[in-house]
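These notes concern the structure reproduced below.
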Protein chains: 4
Amino acid sequence: MRVGLLGAGRIGKVHAQAISSHPESALVAVSDAFEKNAQALAEGYGCQVRSSDEIIADSSIDAVLIATPTDTHSDLIEAAARSGKAVLCEKPVDLSLERAHACLANVGEKAASIMIGFNRRFDPSFGALKTAIDAGEIGKTELLSITSFDPAPPPVEYIKVSGGLFRDMMIHDFDMANFIMGQAPVSVSATGSSVVDPAIGAAGDFDTAVVTLSYADGRIAVIKNSRRAVYGYDQRVEVLGSGGLLQAQNMLENTVVKSTAEGVCSAKPTYFFLERYMPAYKAEWTAFVEAVQGKSKMPVNLYDGVAALAMAEAATRSAHSGQPVKMVDVLEESERREAV
Amino acid sequence: MRVGLLGAGRIGKVHAQAISSHPESALVAVSDAFEKNAQALAEGYGCQVRSSDEIIADSSIDAVLIATPTDTHSDLIEAAARSGKAVLCEKPVDLSLERAHACLANVGEKAASIMIGFNRRFDPSFGALKTAIDAGEIGKTELLSITSFDPAPPPVEYIKVSGGLFRDMMIHDFDMANFIMGQAPVSVSATGSSVVDPAIGAAGDFDTAVVTLSYADGRIAVIKNSRRAVYGYDQRVEVLGSGGLLQAQNMLENTVVKSTAEGVCSAKPTYFFLERYMPAYKAEWTAFVEAVQGKSKMPVNLYDGVAALAMAEAATRSAHSGQPVKMVDVLEESERREAV
Amino acid sequence: MRVGLLGAGRIGKVHAQAISSHPESALVAVSDAFEKNAQALAEGYGCQVRSSDEIIADSSIDAVLIATPTDTHSDLIEAAARSGKAVLCEKPVDLSLERAHACLANVGEKAASIMIGFNRRFDPSFGALKTAIDAGEIGKTELLSITSFDPAPPPVEYIKVSGGLFRDMMIHDFDMANFIMGQAPVSVSATGSSVVDPAIGAAGDFDTAVVTLSYADGRIAVIKNSRRAVYGYDQRVEVLGSGGLLQAQNMLENTVVKSTAEGVCSAKPTYFFLERYMPAYKAEWTAFVEAVQGKSKMPVNLYDGVAALAMAEAATRSAHSGQPVKMVDVLEESERREAV
Amino acid sequence: MRVGLLGAGRIGKVHAQAISSHPESALVAVSDAFEKNAQALAEGYGCQVRSSDEIIADSSIDAVLIATPTDTHSDLIEAAARSGKAVLCEKPVDLSLERAHACLANVGEKAASIMIGFNRRFDPSFGALKTAIDAGEIGKTELLSITSFDPAPPPVEYIKVSGGLFRDMMIHDFDMANFIMGQAPVSVSATGSSVVDPAIGAAGDFDTAVVTLSYADGRIAVIKNSRRAVYGYDQRVEVLGSGGLLQAQNMLENTVVKSTAEGVCSAKPTYFFLERYMPAYKAEWTAFVEAVQGKSKMPVNLYDGVAALAMAEAATRSAHSGQPVKMVDVLEESERREAV
C-alpha cells in the first residue's frame, strides 16, 4: 500500500514512522503548509514532497493519512474520498458539528470505511479491557468512569483556537465511552472550571471538567478531565458491571520500586501521549491496513468521529449553560442547520 | 466517662465494643425498642437495660450514643442535649431536612459539640489523605473523586424506608466531600438509575448514581455510588491538586498474591463496612472522648450532619428532575418551611 | 480458662492484652523478676502479682504463658508441664540445643501439646498462603524464599546475649520454612556478614545472612535476614510451585498513594513486629485456647520449637565454618551430648 | 556503520531488526550454517548472504554481530578482532572457561572494546535500578537478590548441549550481579536440584538452583533460578542498602485489573525473553553503536563475559560437590590449564 501523508507536524511524524515500519505499507509522499517540515520528514524517509492536492490526485497512491490542521480535515476527507483513496484522518473530524455532518453527507456510504484516528482504542490495556467486557467477564456493564489528565496545559494561544476542552481533549474520552459502552448516550451533563489557570477561563475555556453521560438503558458514564497532572499523563478507565470491576491503569516509566525511610515509591506514569500511545499508533495503522485489505471492518469510522464531536458539542453547551443537554437536540439542530 | 447506649442493633453492638474497650469510658446502660436486643447486649457487657428516657434522665450518665432508628434521632438529640449529656449520634441526623434544621435551632449553640457519626473521617487511610492535603503535599486541591460501592443491595423493603440512596448511602460521601474540600458546594447535579435491580427503581429509588458538586471557588467533586460490587466493599477517594494526586485505595483481606497460568491475583477488598471500618469506629469513639474531655474540638458536629443531609436533599431532587440544584435554594426553602 | 502470665516485659504485655480480651480466658496472675513490671501490668488488668513458682503451683490456674528471659524457658516448661498446666512458651525454647533436647525428653509425650509461640504462623497473610498451598493452588512446592528484615539493629549489648542472629532472629524464619515446607531440611548452608555494623561482627555475630536449606525430596528454601531495613519491618514469603507462585507481601501503614512530580509513593510497611503481628498474637492465643479445649491439634508444639532451634544451630556452625552442615550431624551430636 | 550478522537463528533475527532500524547502522550481510535461514533473513532486510569468513574478510564491513552457536564464539571473536571489526558477541563467550581465557589472551587489549551481549543490563528497569544505586539513593548496597525463572524448561536434548543451568541460564544473573555489585565475588556456593523434571537431573543438570555469592567487603548476593514458572518469565532484582531497598519488578502484559467475586486479578508478566527484553535488545545495539563511535566506553566487554563464565564454572562445581568454591581457585586453575 502506497501512502501519502498530509501534514508533517508532530503527529504526522508519529504516523510516518508507523507507515514506514509496517511491512505492507510504504510512505511515498508528504505534504505540509510549511514546506520545511515536509522536506525534513521526506529526507528521513526517502519520500517525495508534494502538495496535498497532488497527492490526492495521484492515482498510484492508495491511501492518505490526514494529519493537517483540524479546519482542513473535512475538505481533505471529501477530496480523498472522491479520489478513491483509503483515508485515515486524525481526530477531530472538524470543530464544527454542522461541517462534520455535511462531510458525512458528502462522502455518503464511504463514511463507514473512512477511519478516524482515535488511537486510544488501540492501546493494549484499553483493548484488553474492551475484550474482557465483550467476553462477559464482568457481566452487564453499568457504570463507566474515565480519568484523563494531561501533564501540563498548552499555551493559552493554542487553547483559543483549539475548539475548547471538550472538542480538543475530551473528544478522545467521548470516543472511548462510545467504544466501551457500545452505544451513544441520550444526554450529557457537564461541569467545567478553570482552577488550573484563570487565563484559560478568561479565554472562554475550561481546564478542569466533569461530564456525566446517561444512556437509554439506564447506564451511566462519567469523564474527568484536567489540563494539569504534574506527575504525568494520567489515562485510566474503570467499568463496573454486574459481575465485577475492570480497571485499565497507567503504564509506568519502569517497574522500579524504592523503599526508604520516606516511603515506598515507584516511577511516574509515562509522560505524555507520545510515550504512552506509541504502541497504540502502530496498532492503529496496522488495523487500518488490515481493514483496507478487507480483512476486517474499519474499526472506527467517520460516523464514530461525528458521534464524538456531537458529544463534545453537547458538553460545551452544558458546561456553559449549567443545564444537561439532550443529544437528540444537538443532533437535530445540526442536521437542520446543515440542511439550510 | 459513664455512657448510655440508645439502640442495640448491629451498629449499636459495634459502638458497645468501642465504648467498653476504651480505657476512659464505661458502658453502663443500654436501651432498645426490642428489649431482647438490649438484654443480649447488656449481658455481654455487664450493664443495665433501661429505657432511653431513663438513661437520658440519669444524672450519673455523662454521655449517650444514639444508635436508634433514624426517625428518632432528632428527638433524642434534643432531649439528651437538654439533659446536659455529651452526644454522639449515628448518621443521618434525620431523613427530613426541615426536622434537622429544627433540631439545629432547638439545640442552639450546643450544635457545635454534638457529634454525628460519620465514621469514615476516622478511617486511617482517609485520615492520612486529609492530613497530606492539609500539609500542602499536593498544593491546592482542584478535583475530588469518591468511589463508594456496597457489595450487595439491601432488601427492597429496606430501600423503601431508607430515605433513598442519597440520604441513606451517599450521605457518607457528601460528608467525605465536605471533610476533604473543607467547604460546602454551591450546586449539586445528580444522575441516578436502577440498572442493578429494577425493583429498586420501582420503589422510587436509584441503585447507581453519579453526583457532581460545584464549589464557589471553581473546584469540582464527583461521587459515584453503586449498591452492588460483587468483589466487595469498594471505598476509594482520589484528589487532584496543583502539586499532584492523592488516592486512598481499598484495604485487601490479606497481602497474598497468586501468579498462575491464569493471571496474577490478590485478595479482595475487605467485605463490608464492619470489616473495613472497625478501626474507624474505634478511632471515632476515641476522638469523641477526647473532644468531650476538652482536649480537642468536636471533629464532626450537628452542623456537619445537617450540611450532608442538605446535599442529599439536593441530589435527590436533581436526580428526579434531571436539573442541577443550587444549595442555596434547598437551604432557604428548608429554613422557610421550618420557620412556618 | 484461668491464665497465669510469667514475664511482664514488652512481649508479656502483648500477651496480656490477647488473654484478657479473649471471651474464654481470664488473666488471673502475673509474675516478673522486676516486681514493678508485674505490678504495673497487674493494675491495668486487675489481676494478682505472684511468683512464677506460686502461679505454677496454683491448682486453680489452668494455663501459663511463659514470656520470661530465654534461659528460664526450659525450666519453666518442665515445671508447668509437671504441674499439669497448659503451656504456651515464647520462642526460642532455649539457646542451647542440648538443653532443649533434654526439655523434650523431660516432658515426654506432653511435648506435642506444649505450644511454642511462633506467632508468624498466625499472620493472616502467611496463613492464607499456607492454606492456598495445602489446597494445591500452586501444585507441588519447589522453591521457597523468605525475606525477613528488621527495621533497625538492637544494641550490641543485646546482640551479645541473644544467641546470635540465627537463634534470635532467623529462628522465626526457620519455623516458617518448616510450616510452609511441611518437613525439616536435610542440610543447611549459611553465609553471614556484618555489613550493617562492624561492632556486631566484633561481637562475634552477623547482621546480614543468607541461608539455603536443602530437602530430601530435592526442594530448596532460601532465607534472607538483615538487621536493618530503614523503611520498616520487611516480612515477605514467596513460594514457587509446579502450578504457580504465591507471595505474601508486606502490610502497609495505610493505602494512600501520592503521585507528584517526584514519583508515585505509598506508605511504608508497618514499622515493627508489634504493629505487623498484633493480629497474629491474638490469633495465636485463640488457637491455643481452642487446642487446649480439644477442638484442634496444638498448631505448633515443642518438637517444632526444637526443630527450629536445631536449624539455627546448624546455620550458626555453617556461617562460621563456611561449609554446609548436615542436620543429622547436629541432631546426633546434640542427642549424644544430652545422653552423656 | 555497515554490519554483518553471523547467525540467522531466533536471536539473530532479533538483532537484525535492531541493526536495521537504527538510524546509524545498516545490515549489509548475513551468514548461517543453514543457508535457508540466512536467505530468509536476507530477503526480509534486503542484504547479502555470505559466509562468516567472507563477512569478516570484507574491509567494507565495520562491525559484526556474532549470534552463532556458542562453540564458534571464541573463534569468530578472535577472527573478527584480528580483522579489525567492531564486535558484539552473544553470551556466553564459550562453554569452556579455558577457551574463554585463551580468547581473552589472544585478542589482547582489544578485549575491552569487544562487547558481550548481556542484554539485561539494557532493560529500562534494571538500568533505572543501577542508576539509582550509583546515585546513592539507597546508600551502600548490602544484600542483592535476583529472581530469574523461565516460563518452561527447554527440551532435554537442548539441556544436554547447553553447558548446564549455570552456564546457559544463570550466566545472565551472574553478569547482573557483577553489574549491580560493581565487583566480582570471592566465593560461590550453589545448591541445585531437578524438582521440575527428573529427566533434567538424569541428564546431569539442574532445573532449580540457589546460588549465594560472597564479596570481599562482606556484601552478599543470592540468585534463584527455576526452569519453570507457569505464569511467565519472572525477572526481578532487589537490592537492600543502608538507606533502603530497590526492587525492579516484572513488566505485565497490560495494566488491566479485574475484580470479581473470585479476587482481584491483573495480567501476567510478559511471557518470555523476546517479549520482555525487546526494548533491551534495541538499547543494547544503540549502546554498542555509541561505544564504537567513541561516544562512550564499551558498556560490557570480553572481561565481563569471562567473569560471568568463571562464576558459572564455580557454581557448577559447587552444586555438584556440595561445597562452596573460591573464585580464585577456579581462575587460577583455568589460567594454569590455558598456559599449558
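The values are calculated or read from the model by the stated rules, or taken from the named source; none is laboratory data. Just so it is clear, the structure is predicted and the values come from calculations on it, not from any experiment. Don't worry about glycine lacking a Cβ; one is built from the backbone with ideal geometry, like all the others, and counts go over all protein chains shown.
Remarks
- Considering residues of the range B:240-249 that are in contact with a Ser or Thr (Cβ under 7 Å, 6 or more places away or on another chain) and more than 22 Å from residue B:225 (Cα to Cα) only, the residue farthest from the other protein chains (Cβ to nearest Cβ): B:241
- Residue list for the range C:122-135, restricted to those being part of a helix (DSSP H, G or I) and either over 14 Å from residue C:248 (Cβ atoms) or away from chain B (no Cβ under 14 Å) (or both): C:134
- Odd one out for residue D:314, checked against (1) out of contact with any helix residue (DSSP H, G or I) (no Cβ under 6 Å at 6 or more places or on another chain); (2) surrounded by 15 or more Cβ atoms within 10 Å (Cβ to Cβ); (3) of a type outside the set (Lys, Arg); (4) part of a helix (DSSP H, G or I): (1)
- Yes/no for residue D:189 being over 22 Å from residue B:259 (Cα atoms), buried (at least 24 other Cβ atoms within 10 Å of the Cβ) and among the polar types (S, T, N, Q): yes
- Contact annotation: residue pairs with Cβ atoms under 7 Å, 6 or more positions apart or on different chains, pairing a residue in the range C:315-339 that is under 15 Å from residue C:185 (Cα atoms) with a partner that is among the acidic types (Asp, Glu), are C:330/C:313.
- Output for the range C:138-152, where each listed residue is within 17 Å of the chain's Cα centre (by Cα) and in a strand (DSSP E or B): C:146, C:147, C:148, C:149
- Restricting B:189, B:193 to residues that are among the small types (Gly, Ala, Ser), at the interface with chain A (Cβ under 7 Å from one of its Cβ atoms) and under 21 Å from the mean Cα position of the chain (by Cα) narrows the list to B:189.
- Any strands (runs of 3 or more DSSP E) falling wholly within the range D:3-98 and containing at least 2 residues that are buried (at least 16 other Cβ atoms within 10 Å of the Cβ) and of a type in the set (Gly, Ala, Ser): D:26-31
- Matching residues, the range D:214-234, being in contact with a Lys or Arg (Cβ under 9 Å, 6 or more places away or on another chain) and within 14 Å of chain B (Cβ to nearest Cβ): D:231, D:232, D:233
- Being under 30 Å from residue A:21 (Cα atoms) and either aliphatic (A, V, I, L, M) or modelled with pLDDT under 95 (or both) holds for only one residue in A:312, A:319, A:291, A:307, and it is A:291.
- Cβ-Cβ under 7 Å pairs, at least 6 apart or on other chains, the range A:155-170 side hydroxyl-bearing (Ser, Thr, Tyr), far side surrounded by 13 or more Cβ atoms within 10 Å (Cβ to Cβ) and outside any loop (DSSP other than H, G, I, E, B): A:162/A:168
- Residues satisfying the stated conditions in the range A:153-186, i.e. within 14 Å of chain B (Cβ to nearest Cβ) and either more than 21 Å from the chain's Cα centre (by Cα) or of a type in the set (Val, Ile, Thr) (or both): A:186
- Filter result for the condition that a residue is in contact (Cβ under 8 Å) with a residue 40 or more places away in the chain and out of contact with any Lys or Arg (no Cβ under 7 Å at 6 or more places or on another chain), over B:56, B:61, B:77: B:77
- Scope the range C:318-340; condition in a helix (DSSP H, G or I) and either of a type in the set (A, V, I, L, M, F, W, C) or within 14 Å of chain D (Cβ to nearest Cβ) (or both); matching residues: C:318, C:319, C:320, C:321, C:327, C:328, C:329, C:330, C:331, C:339
- Any hit, the range B:145-160, residues being crowded, with 22+ Cβ neighbours inside 10 Å and more than 21 Å from residue A:145 (Cβ to Cβ): yes
- Considering the conditions (1) within 8 Å of another protein chain (Cβ to nearest Cβ); (2) surrounded by 24 or more Cβ atoms within 10 Å (Cβ to Cβ); (3) within 23 Å of the chain's Cα centre (by Cα), residue C:211 is excluded by exactly one of them, (1).
- The set of residues in the range D:250-287 being among the polar types (S, T, N, Q) and either surrounded by fewer than 19 Cβ atoms within 10 Å (Cβ to Cβ) or more than 10 Å from every other protein chain (Cβ to nearest Cβ) (or both) consists of D:270, D:286.
- Residue D:195 surrounded by 24 or more Cβ atoms within 10 Å (Cβ to Cβ), aliphatic (A, V, I, L, M) and farther than 19 Å from residue C:216 by Cα: no
- Conditions (1) in contact with a helix residue (DSSP H, G or I) (Cβ under 6 Å, 6 or more places away or on another chain); (2) away from every other protein chain (no Cβ under 12 Å); (3) more than 30 Å from residue A:207 (Cα to Cα): number failed by residue B:200: (2)
- Flag: residue A:237 does not match the condition of being under 27 Å from residue B:325 (Cβ atoms) and more than 8 Å from every other protein chain (Cβ to nearest Cβ).
- Residues satisfying the stated conditions in the range C:244-270, i.e. over 28 Å from the mean Cα position of the chain (by Cα) and at positive phi: C:263
- Residue in the range C:119-127 that is closer than 30 Å to residue D:193 by Cβ and surrounded by fewer than 21 Cβ atoms within 10 Å (Cβ to Cβ) present: yes
- In the range C:243-274, the residues that are assigned to a helix (DSSP H, G or I) and in contact with a strand residue (DSSP E or B) (Cβ under 9 Å, 6 or more places away or on another chain): C:273
- Boolean, residue C:107 is free of Cβ contacts under 8 Å to residues at least 40 places away in the same chain, β-branched (Val, Ile, Thr) and crowded, with 17+ Cβ neighbours inside 10 Å: no
- Condition check for residue D:230 on (1) surrounded by 22 or more Cβ atoms within 10 Å (Cβ to Cβ); (2) touching a residue at least 60 places away in the same chain (Cβ under 8 Å): one failure, at (1).
- Failed item, numbered, when residue B:7 is tested on (1) at positive phi; (2) free of Cβ contacts under 8 Å to residues at least 12 places away in the same chain: (2)
- Matching residues, the range C:29-46, being under 23 Å from residue C:70 (Cβ atoms) and of a type in the set (Phe, Trp, Tyr): C:34
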